[in-house]
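The values are calculated or read from the model by the stated rules, or taken from the named source; none is laboratory data. If you're wondering where the values come from, they're calculated on a predicted model, not measured in any experiment. Note that we place each Cβ from the backbone using ideal geometry, even for glycine, and neighbour counts take in every protein chain shown.
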Amino acid sequence: MGATPRALRAVALLLGFHALNLVLLAALAALDAAALRWAPGPVAGKIVVVSVLLAIPVVRGMFMLRTPKDEDVAGLPVTEADEPRLWALVRELADTAGTRAPDRIVLTGDVNAGVTERPRLLGLLPGPRRLHLGIPLMTGLSEAQLRAVLAHEYGHFTGGDTRLSAVVVRGRTQIERVIGQLHAKAGHTAAKERARQEKAAAKAAAKGREAKEIDTSGAGLTYRAMARIYTLYGNFYLRASLTTARDQEYAADLAAARIAGRDATSSALREIPALATAHDFYLECYATLGVRARLMPPRGEFFGGFGRMLSARALELVQLRTQLPDEPASPYDSHPPIAERVRRIEALPADGRTEEAKGGALDLLTDSERTLTALEDVVLTEEARTFRRTADWDELLDAAMAAALTSLDTPLHRALAFYTKDRPTLPGLLTVIDDGQLWRLAQRLPLSDEAAAAKGRAFREFVRPVMRDSLRSMALAEFSAHSLVRWEFSWERAATPHLPGSTADGGEDTEAGAVLDAAVDAALADRPDTGPLRALLPPARTA
């Protein structure tokens, strides 16, 4: 199906949405007319009020004509003077694909590449083009793989796919807005009804009468019914608009294989989901590690550290590349499963282009360090840009772990506070253990039904893993409070705590893992022994 027929279909679906609005408004108007003619005055008045309230979100949705603007995507625009090699590659691939190059390139902070077009005449005529290119994506791809990604996007340009986005997004946004407003109205009505029933129940209880059970299942029913109608049409709209979307993705993959080579296209498809998973992990465990302490990595390292982590964890990435999703993310995902796309590309005959463009995609940038630093200023939130920058990753780790341990609040902390009616501390817990009250304390932990019903050794085995993790964290918090723990930063593995060594002069550090784990296990044994754990504490706190 060509671009113009697809655009006409998208327009027809959008007009169907407005036709649905008119039908529902006509039905409400007919109901009002019938009520005013035949129903008693009070009943007719209620029906009119309800129908007006139902009509408001419908009318609002009809006149919500503006589509979201892609200019809102946070990114760093780069001109041809800024990045001549990148622009040269983009133009070269556009010429090879037989399409027009984008008018702007915007570097972003996510693992993604995409093209947008602001078409005219409901997508029937072309408009300005923009290429969004994620720096984390470039960090993990070779130049050959980046060529394949860009060639895939040009495949959409060639097919006219990008012109349809304005119409499709407009319809989807309008439907979602109407559904959201109807659900919000239903929730508000249910909340008001609950408040009314709770007030009535309180009055009944005050007078010594039995209060009625609170039931709001009928509140907002009409709003939910209307929302259901729009949801059904929305599902039809999405399915219909995605009928050819996955075929377009396959066609764009074939265009990428033709332009950039079979192997580069296949490896790029394998690499992108692996990079997305790795980047999520990097953001959580590295880049945003110090947010609680209002700390950020050194300038340029928020994005720069990702490449070092990828290099250090290369073996883990190999496994991720083989675990390709063989199902779409959702029934409405316009992209086919990655596994199927890879199978189709790898089934193509070899083209002998395995040695092309082996350098890193990030090397295309004139000054990658400068670009990574500049990107932080436009991608990070205003609040994040006010955080203090650490000198290095080691300082960030130490400060972040100290902040996390200071505010530690585990299930064991809460159970200990409830049990002792005092502030939960490690020495206090050790005293409880020495008094033989450990498993009574454990009964105060949040327990599954199975654990709560268990007795004796079975109960201890249920709760011991939770106790072990919490006790280990409490011990590390105690050591941190007395500056007795040092954290070893690593790109290859989780941060490792180190404690003062047991040498004669106490000048060496030992990895805390084995020593601390053994001490924790001894304290939580069937016959608890807190001696090893107390030996690790500062002398002033062993009493």
Pick out the one residue from THR410, THR431, THR386, THR381 that is surrounded by 13 or more Cβ atoms within 10 Å (Cβ to Cβ) and either over 30 Å from the mean Cα position of the chain (by Cα) or at pLDDT 90 or above (or both). THR431
Any chance LEU396 is crowded, with 20+ Cβ neighbours inside 10 Å and not assigned by TED's automatic domain parsing to the domain that holds GLY134: yes
Flagged in segment 48-83 as farther than 18 Å from GLY109 by Cα, surrounded by fewer than 17 Cβ atoms within 10 Å (Cβ to Cβ), at pLDDT 70 or above and touching a helix residue (DSSP H, G or I) at 6+ places or on another chain (Cβ under 7 Å), in numbering order, are VAL50, GLU80
Any chance you could count how many residues in segment 135-151 are within 13 Å of LEU86 (Cβ to Cβ) and surrounded by fewer than 24 Cβ atoms within 10 Å (Cβ to Cβ)? 1
Could you give every pair whose Cβ atoms fall below 6 Å, whose first residue belongs to segment 439-463 and is without any contact (Cβ under 8 Å) to a residue 12 or more places away in the chain, and whose second residue is surrounded by 13 or more Cβ atoms within 10 Å (Cβ to Cβ), counting only separations of at least 6 or pairs across chains? ALA454/PHE462
Of the conditions (1) buried (at least 16 other Cβ atoms within 10 Å of the Cβ); (2) in contact with a strand residue (DSSP E or B) (Cβ under 7 Å, 6 or more places away or on another chain), LYS358 fails just one. Which one is it? (1)
Of the residues THR381, THR420, THR386, which single one is of a type in the set (Val, Ile, Thr) and more than 27 Å from ALA495 (Cβ to Cβ)? THR420
Filter the helices (runs of 4 or more DSSP H) completely within segment 225-324 down to those with at least 2 residues that are of a type in the set (Lys, Arg) and modelled with pLDDT of 85 or more. 262-282
Output yes when any residue across segment 329-338 is assigned to a helix (DSSP H, G or I), out of contact with any strand residue (DSSP E or B) (no Cβ under 7 Å at 6 or more places or on another chain) and assigned by TED's automatic domain parsing to the domain that holds MET138, and no when none is. yes
Scanning segment 295-354 residue by residue, the ones that are touching a residue at least 12 places away in the same chain (Cβ under 8 Å) and touching a Gly at 6+ places or on another chain (Cβ under 9 Å) total 12
With respect to MET474, determine if the residue is surrounded by 17 or more Cβ atoms within 10 Å (Cβ to Cβ), in contact (Cβ under 8 Å) with a residue 40 or more places away in the chain and touching a His at 6+ places or on another chain (Cβ under 8 Å). yes
I want to confirm something. Restricting to segment 465-520 and keeping residues that are of a type in the set (A, V, I, L, M, F, W, C), assigned to a loop (DSSP other than H, G, I, E, B) and modelled with pLDDT under 85, which single residue is nearest to ALA535 (Cα to Cα)? LEU484
So LEU365, is it crowded, with 19+ Cβ neighbours inside 10 Å, over 24 Å from ALA481 (Cα atoms) and not basic (Lys, Arg): yes
Among the listed residues ALA195, ALA151, identify the single one that is part of a helix (DSSP H, G or I), modelled with pLDDT of 80 or more and in the same structural domain as ALA101 (by TED's automatic domain parsing). ALA151
Condition test on ALA350, is it more than 30 Å from LEU232 (Cα to Cα), outside any loop (DSSP other than H, G, I, E, B) and assigned by TED's automatic domain parsing to the domain that holds ILE272? no
